[in-house]
Amino acid sequence: MTTVTTALRPRRGRSTRWKTATGLLLTAVMLFPVYWMLNVSFTREQDMRKGPPDLLPMHGTLEGYRAVLDQQLPYLGTSLVIGLGTVALTVTLAAPAGYALAKLRPRGGGVLSFLLLVAQMIPGIIMAMGFYAIYLQLGLLQSVPGLIVADSTLAVPFAVLIFTAFMSGIPGELLQAATMDGARALRTFWSIVLPMSRNSVVTVSLFAFLWSWSDFVFASTLVNGGAHEPITLGIYHYIGNNNQEWNAIMATAVVASLPAAVILVLAQRYVAAGVTAGAVKD
Amino acid sequence: MKHTTQLPDRRPVQSRNGAATAAPPPAPARARRRPASQQWAAWAFLAPVTLYLALFYAYPLYRNIDLSLRNYTVRSFVQGDAPFTGLENYQTVLDDPVFAPALLHTVVFTAVCLVFQYVIGLALAVFFHQHFRLSATLRALFLVPWLLPLIVSASTWSWMLNSDSGVVNAALHAVGIDPVNWLTSPSWSLTSVIIANIWIGVPFNLVVLHSGLQSIPASLYEAAALDGANAWQRFWRITFPLLRPVSAITLLLGLVYTLKVFDIIWIMTKGGPADSSTTFATWSYQLGFGNLLPAFGPGAAVGNLLVVAALVFGLVYLRVQRKQYAS
């Protein structure tokens, strides 16, 4: 709430400092679990069950990270491939659809948008069971392409809606001018609409990558026990084996969080744009 | 931000699993001629996604309904000759002693998570709406729990809530409270997964409500302050009523997404101990994939009940949203 009445102005300096302090405290409380993950990932095996636990990794060790390098690299590689595949599939499917819905005014476009909204509300576990039944018959269980297709269902409806929203912002005159120049719809899409929608492509790609990277439901139903398991299953097996090496588990968790961290640091504006798409004022 | 300024005033909002909530573009009122060639082009662009929806949404859903209406065993699952049994699977599920607790846990989990996520999110949104140094940076940091893979959050919380070596019990011990068996006692397991899920859901509420706050004109607050309204009155008389549309959207969307929370519960407790934290989502998975002898039929039946619930609230949400855009 803006307190910009002149009467309050002299007090602002001190009061904002208090607010900053409160804000820092709240953020610290909120991010404590993240800190704890880091802390445990550096904790030595013998200190793990110490009571009370060390609040700082006083005798820090890299044992946990060594275990990640030894055991988790294949999982990370698989996750990377699946993430990139999901991004490619999602953008390929969604960008043309967004263009058509935003600019070409197709008959029945409203119904399609509605179905896309409804599609997002279907619980993942239901989709997983359906995919399982289908993949079992097609022999697509334990396969990377199968998981890419399944993971893309997390992102495609969202992507179409984002593209539609962004592309409706492209001035119609620009596209009409192109049509007069004789550019066909495909040309217009490829050489005008898509380059102008770079930002939305980035937003969609980031989220598609993040969701497929984080996916657990599809992974655990469709590729569990196979040769290509993503990192989420790597962590899950770690926990499930009644493994007591919590530094290794938490180190894997830290590594699995890296894409999220990178995205937050480098692409925060795209994240904010994705969450509220355009509602950010500052 | 260039791309944000291009946007029309429809604001897609999107939650953990990517619910974009943009209303479909309203059909242009002016009936301009739509040339036939453009129609062909439009549907050529839409064809991949339409096919995709049919193959990868409609068909799995259909398979799921089919699963729930037949008596599947592992053998007939592969060969596809399971006998049609009508609603027998649904009857089995309703008669199951797990049904009542699962229903109760689903309702409690959803309601408690929603209330806390919303209240905490709103309080934080109001706080961060003030101007102070680092306000924007700290708000961005609040997104972290929302961006982390659920398995990461769930396993971190599992270790923090560990009975013997968890930091939560250590903190309780420090203030003289006896240790709690967060994940291993039937009376606490549901509370534990609720706590973790609230932590994950707060950022979404914060961000959406914060964006809602920004559309309330500052002049209203200035006028109220001149009239001598204190902060508390300004909140209840201005912020809260004007935020009602955004609140409704946030809560309804939260409802649809909390109903289907699966990862957190499954990873932390597997719905146990003794089904004490099982919800429809985990029960469905448990039936279909969690046992050596899978019960696909009943599993799909539970899942379909969940779909119906999610869709009912989802449609309410779309209706509310459509009405708000119309006004």
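Grab the other residues whose beta carbon is less than 15 angstrom from that of B:LEU104, score K and R as +1, D and E as -1, and report the net.
-2
Given the -39500 (n - 2.57) contribution per DSSP H run of 4+ residues, what per-residue ellipticity at 222 nm results for chain B, rounded to the nearest 500 deg cm²/dmol? Don't jump to the answer; show the numbers that get you there.
Values: 17 runs with 204 residues, N = 327.
Per the formula, -19500 deg cm²/dmol.
Expressed in nm to one decimal, what extension gain is obtained for the pair A:PHE114 and A:LEU24 from 0.36 nm per residue of sequence separation less their Cα-Cα distance? Present the calculation step by step, with values, prior to reporting the outcome.
Numbers: separation 90, 0.36 × 90 = 32.40 nm, distance 4.16 nm.
Gain in length upon complete extension: 28.2 nm.
Say we join alpha carbon atoms closer than 10 Å with springs in a Gaussian network model of chain B; which of B:ALA41, B:ALA140, B:ALA196 then has the biggest fluctuation?
Checking each option, the largest mean-square fluctuation is seen for B:ALA41.
Hey, if you put +1 on the Cβ of every Lys and Arg and -1 on every Asp and Glu Cβ in chain B, which of B:SER37, B:LEU61, B:ALA100 ends up farthest toward the positive end of that dipole?
B:SER37
Where nothing but the Cβ of Lys and Arg (+1) and of Asp and Glu (-1) is charged, how large is the charge dipole of the protein assembly as shown around its Cα centre, in debye to the nearest 20?
The calculated dipole for the protein assembly as shown is roughly 2800 debye.
Quick query: amide H of B:ARG70 versus all other amide H atoms, modeled in the peptide plane; which residues come in under 5 Å with a sequence gap of 5 or more or a different chain?
Amide H neighbours of B:ARG70: B:THR85.
When the dipole is taken about the Cα centre of chain B, and only Lys, Arg (+1) and Asp, Glu (-1) are charged at their Cβ, what size is it in debye, to the nearest 20?
Details: 21 positive and 12 negative charges, 350 e Å.
It works out to roughly 1680 debye.
Just tell me how shielded A:104-116 is by partners: mean number of partner chain Cβ atoms within 10 Å of each residue's Cβ, no decimals.
Counting Cβ atoms of other protein chains within 10 Å of each residue's Cβ and averaging gives 6.
I'd like to know which of B:LEU305, B:THR239, B:ASN89 lies farthest towards the positive end of the charge dipole of chain B, counting +1 on Cβ of Lys and Arg and -1 on Cβ of Asp and Glu.
Value: B:THR239.
Towards the positive end of the charge dipole of the protein assembly as shown, with charges on Cβ (+1 Lys, Arg; -1 Asp, Glu), say which of B:PRO294, B:GLY176, A:ALA261 has the farthest Cα.
Farthest towards the positive end: A:ALA261.
What size of dipole, in debye to the nearest 20, comes out for the range A:73-243 about its Cα centre when the only charges are +1 on Lys and Arg C-beta atoms and -1 on Asp and Glu C-beta atoms?
Values: 6 positive and 5 negative charges, 102 e Å.
Taking the Cα centre of the range A:73-243 as origin, the dipole is about 480 debye.
Partner chain Cβ atoms within 10 Å, averaged over the residues of B:59-71 - can you pull that number for me?
Counting Cβ atoms of other protein chains within 10 Å of each residue's Cβ and averaging gives 4.
Restricting to Cα pairs below 8 Å that are 6+ residues apart, what does the relative contact order work out to for the range B:68-117? Please round to a whole percent.
The value is 29 percent.
Summing -39500 (n - 2.57) over the DSSP H runs of n ≥ 4 in chain A and dividing by its residue number, what mean residue ellipticity at 222 nm do you reach, to the nearest 500 deg cm²/dmol?
Calculated from helices alone, the mean residue ellipticity at 222 nm is -21500 deg cm²/dmol.
Report the number of Lys pairs in the protein assembly as shown whose alpha-carbons are under 30 Å apart, with separation of 8 or more residues or on distinct chains.
10
Pairs of alpha-carbon atoms within less than 8 angstrom and 6+ residues apart define the contacts here; what relative contact order does the range A:73-243 have, in percent?
Numbers: 186 pairs, mean separation 73.0, N = 171.
Relative contact order for the range A:73-243 comes out at 43 percent.
In whole angstrom, how long is each semi-axis of the equivalent ellipsoid of the range A:73-243, when you take the square root of 5 times every eigenvalue of its Cα gyration tensor and sort them from largest down?
36, 16, 13
Based on the mean of other beta carbon atoms within 10 Å per residue, what is the order of A:192-198, A:204-210, B:273-279, most packed first?
My ranking of the peptides, most packed first, is A:204-210, B:273-279, A:192-198.
If packing is taken as the mean number of other Cβ atoms within 10 Å per residue, what is the order of B:153-160, A:74-81, highest first? Could you put the intermediate results ahead of the total?
Values: B:153-160: 24.5, A:74-81: 18.4.
Highest to lowest by the protection proxy: B:153-160, A:74-81.
For chain B, what is the relative contact order in percent, using Cα pairs closer than 8 Å and at least 6 residues apart in sequence?
Reported as a whole number, the value is 25 percent.
Under the definition of partner shielding as Cβ atoms of other protein chains within 10 Å of a residue Cβ, what is the mean value for peptide A:213-222?
Rounded to a whole number, the mean comes out at 4.
Mind checking which helices in chain B clear 20 Å along their axis (Cα) and have mean Kyte-Doolittle hydropathy of 0.0 or more, DSSP H runs only?
Length and hydropathy pass: B:36-53, B:99-128, B:189-213, B:244-259, B:296-326.
Just so you know, all these numbers are worked out from the coordinates, no wet-lab data involved. None of these values were measured; they are calculated from a predicted model. Note that each Cβ is placed from the backbone with ideal geometry, even for glycine, and that neighbours are counted across all protein chains shown.
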